[in-house]
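Structure, as C-alpha cells:
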Amino acid sequence: MDKYLIVGLGNPGDEYADTRHNTGYMVLDAFAKASNIVFSDKRYGYVAETSLKGRKVFLLKPTTYMNLSGNAVRYWLNKENIDQKRLLVVSDEVALPLGAFRLKANGSNGGHNGLGHIQQLIGQDYARLRMGIGNDFPKGMQIDWVLGHYSEEQQKILQPAIDTAVEIIKSFVLAGIDITMNQFNKLGKGVPHE
C-alpha cells in the first residue's frame, strides 16, 4: 500500500495555538476534522492516520518546536518507510498575502526555520504548501508577527485557504504533485510567479 506523510508545521503548546506560525497545524486539524480522525501524541509529534482510496495517509504535527521540525519529519519517513516523493509539508509564508497559497514540488526554504531544518536533514526535494500569512509588520518585528495570533477578521480571510488546503492534500495523495499544482496554484489568489 502506498503511504504518504503530510506534515503541518507549528509549535506545540496552548500559547502558540492559532498563531500565524501554526498555520500548518491549523490545516492538518481541518483535514483531520473533515476525515473524522484524531491525533495521538507519539514520538516527535501528534500523529493521525487515515486512508484515501487505498492509500495510507499519515498526518504529523511535529512537537519538536519549529526549528527542529526536520527531526520529526525524518523519523516518521524512516519509521513508516515512506518515499520522500510522497511527503508534503504545510507551512506559513510571510512572502505571500494572507489567504494566498503556493504549492511547489521542491525548492529553497525561503528563510523559514522549520523548512530550513527539514532541508538540512533530507534536502530540498520534497513538496511544500506555503500558506500566506501576510507581512504587515514594521521592520525588525517579524518574530512578533509570526508568533502573533490571528484576529477573528483575519481568520475569516484565512479560512477559505485552509479549506482549499484540505482539498490540495487529498489531490496530492490521489493525483500527484504535478496535477495538483496545475489545478490549485491558479486559485492561490493570483500570486505572481517566482
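The values are calculated or read from the model by the stated rules, or taken from the named source; none is laboratory data. Keep in mind the model is a prediction, meaning the values are calculated, not measured. As a convention, Cβ positions derive from the backbone with ideal geometry for all residues, glycine included, and neighbour counts pool all protein chains shown. In case anyone asks, the SASA skips ligands and DNA or RNA and just uses the protein heavy atoms, side chains included. Shrake-Rupley method; radii C 1.70, N 1.55, O 1.52, S 1.80 Å.
The convex hull of the Cα atoms of the stretch 53-100, projected and averaged over all directions, covers 4.9 nm².
Can you give me the Cα centroid spacing of the stretch 33-68 and the stretch 115-183 in angstrom? One Cα centre to the other: 17 Å. Take 38-44, 156-162 and order them by the average number of nearby Cβ atoms within 10 Å per residue, most first; the result is 156-162, 38-44.
Using Cα-only point scatterers and the Debye equation, what is log10 of I(q)/I(0) for the stretch 1-153 at each q in 0.09, 0.21 Å⁻¹, rounded to two decimals? For the requested q values the scattering log ratios are -0.26, -1.44. Cross-link reach is defined here as a Cα-Cα straight distance under 15 Å, omitting same-chain residues fewer than 8 places apart; for Lys53 the aspartates and glutamates meeting it are Asp2, Glu167.
A cut-off under 13 angstrom between Cβ atoms defines the neighbours of Tyr46, and their net charge, with Lys, Arg +1 and Asp, Glu -1, is 0. Legend: helices of the chain (whole DSSP H runs) are marked when their alpha-carbon atoms reach 18 angstrom or more along the helix axis and their mean Kyte-Doolittle hydropathy is at least -0.5; marked are 152-175. Which of Ser108, Ala34, Ser51 sits farthest toward the positive end of the charge dipole of the stretch 15-162, with +1 on the Cβ of Lys and Arg and -1 on the Cβ of Asp and Glu? Of the options given, the answer is Ser51.
Using 0.36 nm per residue and subtracting the Cα-Cα separation, the extra length available between Lys33 and Asn78 on full extension is 13.6 nm. Annotation: per residue accessible area for the chain equals 48 Å², rounded to a whole number [probe 1.4 Å, protein chains only]. Taking every lysine pair in the stretch 62-170 that is 8 or more places apart or spans two chains, those with Cα atoms closer than 30 Å amount to 9.
The mean sequence distance of close C-alpha pairs (under 8 Å, at least 6 residues apart), as a share of the length of the stretch 69-194, puts its relative contact order at 33 percent.
Computed from the C-beta positions of Arg55 and Asp14 and an R0 of 35 Å, the FRET efficiency is 0.60 to the nearest 0.05. Across the stretch 62-134 the C-alpha pair distances fall into 5 Å bins from zero in the proportions 4, 16, 28, 26, 17, 7, 2, 0 percent. Using R0 = 41 Å, the C-beta based FRET efficiency linking Glu153 and Ser108 works out to 0.80. In this structure Asp83 has an accessible area near 80 Å², from a 1.4 Å probe over the protein heavy atoms.
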